[in-house]
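Every number here is computed from the coordinates shown, using simple stated rules; none is lab data. Every value quoted in this text rests on a predicted model; they were computed, and no experiment measured them. Backbone-built Cβ (ideal geometry, glycine too); neighbour counts: all protein chains shown.
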Amino acid sequence: MAAEGQEILARLKDGIRRFQTEVHAENRDAYLKAGSTQQQPHTLIIACADSRVDVETITSSGPGEVFVARNIGNMVPAYGEMLGGVSAVIEYAVSALKVKHIVVVGHSDCGAMKALLSPSSTDSMPTVKSWLTNGQAALKVASSLGAPDEKPSEKLHRLTEENVLMQVAHLKTHPSVAGALARGDVSVSGWVYEIGTGEVRIAEDGSRVFVPVIEAKR
């Protein structure tokens, strides 16, 4: 193993030790319960694979509370187009785990959104380029709504929101989700997480407006 790789592995081991002695030890009962009972998460969260987005921390969730799927651009292929890992996670979460809520989470400074705005940036990554076709409809909507003199940062902001809304729409094409929605067994929402400030804006089901979750005053 290269020296840099060994250094990184050593850092990861240190992190594991801190988890064992601090986080796990302080929440021992919760982990014992999670390890001895079947998981019953209340929410499925579909998030970007970006390493800066930690949905368990953002939502202050403990072990067993949220079922998480991550991929580049927090994409949800419409049912039947790219049946694979994301589709399987959705079906399992709704049909087997009986989650009550589903969230699609986008975030600021998203590399996938930047790639949609600059297609040539993924020319050397054909698999990534193919995957990002799931965001083309959102790109079209964002482009049609933007002003001619819109700044690059404004375009990125708009596309990030439109992509979340489009993936929520794709989510509803999955039979398991469509059935659960019709029965009133599940609800959905779209979120945008601002990495720098910690702000989370939520568009509840049926809304195109992302409303900030305001910190409660003490």
Please work out the Cα center distance from segment 146-198 to segment 1-42, rounded to the nearest Å. 31
To the nearest 0.05, what FRET efficiency results for S153 and N27 with a Förster distance of 45 Å applied to their C-beta separation? 0.70
Long-range tail of P(r) for the chain (Cα pairs > 23 Å, %): 54
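R0 = 35 Å: FRET efficiency of E7 with D54, Cβ-based, nearest 0.05?
Numbers: r = 23 Å, r/R0 = 0.65.
The calculated FRET efficiency here is 0.95.
Given an 8 Å cut-off on Cα distances and at least 6 residues of separation, report the relative contact order of segment 132-188 as a percent.
Relative CO of segment 132-188 lands at 32 percent.
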Kirkwood Rh over alpha-carbon pairs of segment 164-218 plugged into Stokes-Einstein at 10 °C, 1.306 mPa s gives a D in µm²/s of 126
So what is log10(I(q)/I(0)) for segment 33-115 at q = 0.14, 0.15, 0.18 1/Å, when the Debye sum runs over its Cα atoms only? -0.50, -0.57, -0.80
Need one number: nm distance between label points at K98 and S36, each 7 Å from Cα along Cα→Cβ, rounded to one decimal. 2.3
